[in-house]
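The values are calculated or read from the model by the stated rules, or taken from the named source; none is laboratory data. Note that the structure is a prediction, hence the values are computed from the model and not measured. So basically every Cβ, Gly included, is an ideal-geometry build from the backbone, and we count neighbours across all protein chains shown.
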Amino acid sequence: MNEESHQSMQSVPSEDLDPPRHATLSAVPVAQLPGTESAGSGAMGPTGRPLPDFPDPAPLSSHGPARIIAMCNQKGGVGKTTTTINLGAALAELGRKVLVIDFDPQGALSVGLGVNAQELDTTIYNLLVERGHEIHEVIQATRTPNLDLVPANIDLSAAEVQLVGEVAREQILARVLRPVVDEYDVILIDCQPSLGLLTVNALTAAHGVIVPLECEFFAMRGVALLIDTIDKITDRLNPRLHVDGILATMYDSRTLHSREVVRSVVDHFGEQVFHTVISRTVKFPDATLAAEPITSYSSDHSGANAYRQLARELIARGGAA
Ligand SMILES: Nc1ncnc2c1ncn2[C@@H]1O[C@H](COP(=O)(O)OP(=O)(O)OP(=O)(O)O)[C@@H](O)[C@H]1O
Ligand SMILES: [Mg+2]
């Protein structure tokens, strides 16, 4: 039995969710890979639904107030940081003013945008835990026009413990962001892989949340807990919070397994799943090493076009201006 037919006999594990309905998989032709196809022709997209056309949005004549979006999944390595960088860069290409917030002590977002945050004296950490700082002191322009960064470094790992005793400890990031909300069109927060107090702060500050899911066997593990956390925050802290979309990442159209994961995610979450799917390609780690978004590192690559399509889809859904 070859590997593909062996995999096809297993369902994608999602022990904490209802069992998926086993929809019949139709093969996704390579020509319809996200970002490379001419969309809108009614052709089937990689999520098993007809792929709509996402037109170029009208240019903005003025900026702000920003829509704040948290990139969130407590599972590690699913593409949160890669999506923050490249969705941010793709929105910036569309003339949107974008601020990305590194909210992970690992500082991968800062590194991926060419900022050596370990050497910085003031970062998001100081804004959160010390009085007398203002966010404008910390914002750095990146090499991508319209894309600015609030960096983080390992100092941020102490914030969670330090904030526990604060009054309104869940609302501290919302307060930190307030002075710049009118200057940007979109603010993306790159969360760390946990559901701790920092992530709760991100979800409390946000209007929307994007959940990247890696197309692999355990993709759905923990998603029920994440949705439960989002529901609790919507109930208790932030009634405006909305799931903007679930994004399938590291998709490999050649494997039945990858297609099966996407179909099972669509079975569970329906229209919440973005039509845009991000394929697995070594260009993403390559671009990170070069400290650039893929949209400039390899502008014509299908991965760059996939994030451009995601930007247009997000705007078409009302998730950004
Ligand atoms: N579509 C993709 N194809 C191939 N590699 C990818 C893709 N997206 C991300 N990667 C790589 O996978 C690794 C994890 O991605 P990323 O850092 O974006 O995930 P993360 O969810 O932010 O991780 P963490 O939870 O550790 O913060 C990185 O090395 C990144 O370059
Ligand atoms: Mg990350």
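Quick check on region 139-149. Is at least one of its residues within 16 Å of ligand 1 (Cβ to nearest atom) and hydrophobic (A, V, I, L, M, F, W, C)? Taking every residue of region 139-149 in turn, at least one turns out to be within 16 Å of ligand 1 (Cβ to nearest atom) and hydrophobic (A, V, I, L, M, F, W, C). Checked against the criterion of being of a type in the set (Asp, Glu), under 19 Å from Arg143 (Cβ atoms) and surrounded by fewer than 21 Cβ atoms within 10 Å (Cβ to Cβ), region 263-270 contains not a single residue that satisfies it.
Checking each residue in region 92-112 for being among the polar types (S, T, N, Q) and not in a loop (DSSP other than H, G, I, E, B) picks out only Ser110. Residues in region 65-82: is at least one hydroxyl-bearing (Ser, Thr, Tyr) and within 16 Å of ligand 2 (Cβ to nearest atom)? Taking every residue of region 65-82 in turn, at least one turns out to be hydroxyl-bearing (Ser, Thr, Tyr) and within 16 Å of ligand 2 (Cβ to nearest atom). If you check Ala89, Ala159 for being more than 14 Å from the chain's Cα centre (by Cα), more than 13 Å from ligand 2 (Cβ to nearest atom) and in a helix (DSSP H, G or I), only one passes: Ala159. The number of residues in region 281-308 that are more than 18 Å from Val211 (Cβ to Cβ) and more than 16 Å from ligand 2 (Cβ to nearest atom) comes to 18.
Pairs linking a residue in region 80-94 that is under 11 Å from Arg312 (Cα atoms) and in contact (Cβ under 8 Å) with a residue 24 or more places away in the chain to a residue that is among the hydrophobic types (A, V, I, L, M, F, W, C) and within 13 Å of ligand 2 (Cβ to nearest atom), with Cβ atoms under 7 Å and 6 or more positions apart or on different chains, are Leu87/Leu188. Counting just the residues of region 244-276 that are of a type in the set (Lys, Arg) and within 16 Å of ligand 1 (Cβ to nearest atom), which one comes out nearest to the chain's Cα centre (by Cα)? The extreme case among them is Arg259. Selection over region 252-306 of residues that are part of a helix (DSSP H, G or I), aromatic (Phe, Trp, Tyr) and closer than 16 Å to Thr47 by Cβ gives a count of 1. Among the residues of region 127-144, none qualifies, meaning not one is within 20 Å of Cys72 (Cα to Cα) and within 21 Å of the chain's Cα centre (by Cα). Are any of the residues in region 45-67 at pLDDT 95 or above and not in a loop (DSSP other than H, G, I, E, B)? Among the residues of region 45-67, at least one is at pLDDT 95 or above and not in a loop (DSSP other than H, G, I, E, B), which makes the answer yes. One residue stands out in region 66-88 among those that are farther than 16 Å from Leu289 by Cβ and among the hydrophobic types (A, V, I, L, M, F, W, C): the one that is nearest to ligand 1 (Cβ to nearest atom), namely Val78. The number of residues in region 281-307 that are in contact with a Ser or Thr (Cβ under 8 Å, 6 or more places away or on another chain), more than 15 Å from Leu113 (Cα to Cα) and more than 9 Å from ligand 1 (Cβ to nearest atom) comes to 5.
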